[in-house]
1. Under a 1.4 angstrom probe, counting protein chains only, how are V28, V41 ranked by accessible area, largest first?
2. If you wrap a convex hull around the Cα atoms of the range 28-73, how much volume per residue is inside, in Å³?
3. Could you give each residue of the range 62-69 its phi-based ³J(HN,Hα) in whole Hz, using Karplus coefficients 6.51, -1.76, 1.60 with θ = phi - 60°, and x for Gly or Pro?
4. Give me the aspartates and glutamates in straight-line cross-link reach of K15: C-alpha distance below 20 Å, same-chain residues under 8 apart excluded.
5. If Lys and Arg each add +1 and Asp and Glu each add -1, what is the summed charge of the other residues whose beta carbon sits under 13 Å from the beta carbon of T60?
6. Would you work out the charge dipole size for the chain about its Cα centre, treating the Cβ of every Lys and Arg as +1 and the Cβ of every Asp and Glu as -1, and quote it to the nearest 20 debye?
7. Percent relative contact order of the chain, based on C-alpha pairs within less than 8 angstrom and at least six residues apart?
8. If you roll a 1.4 Å probe over the heavy atoms of the protein chains, what accessible area per residue do you get for the chain, in Å²?
Amino acid sequence: MTFEEILPHLKAGKKILRNGWSGFELYVTLVSGEVYDGAPVTPYFLIKTSDEGFSSFAPTVCDILADDWKIVP
């Protein structure tokens, strides 16, 4: 799937991943609706890795143009 095709699934709460990644990356998720210190937080992506827990994720141009995205079961 392309990033454009997978984005609605991500917004619906699904976890996504690229086939082209090495296996270190487990999935990307969208975090939204968060509040910090009484103020709303803008939505953001997190990536779950096999050893570092969660990190912020910003898709690269290669990620956006890739067609190997899939939904994680």
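The values are calculated or read from the model by the stated rules, or taken from the named source; none is laboratory data. Treat the numbers as computed from the prediction; the structure is a model and nothing was measured. No Cβ is skipped: glycine too gets one built from the backbone with ideal geometry, and neighbour counts run over all protein chains shown. The area values use the complete protein model at the heavy-atom level, side chains included, leaving out ligands, DNA and RNA. Shrake-Rupley method; radii C 1.70, N 1.55, O 1.52, S 1.80 Å.
1. Ranked list, largest accessible area first: V41, V28.
2. 112
3. 4, 5, 5, 8, 5, 10, 10, 6
4. List returned: E4, E5, E25, E34, D51, E52, D63, D67, D68.
5. -1
6. Roughly 220 debye, rounded to the nearest 20.
7. 41
8. On a per-residue basis, 66 Å².
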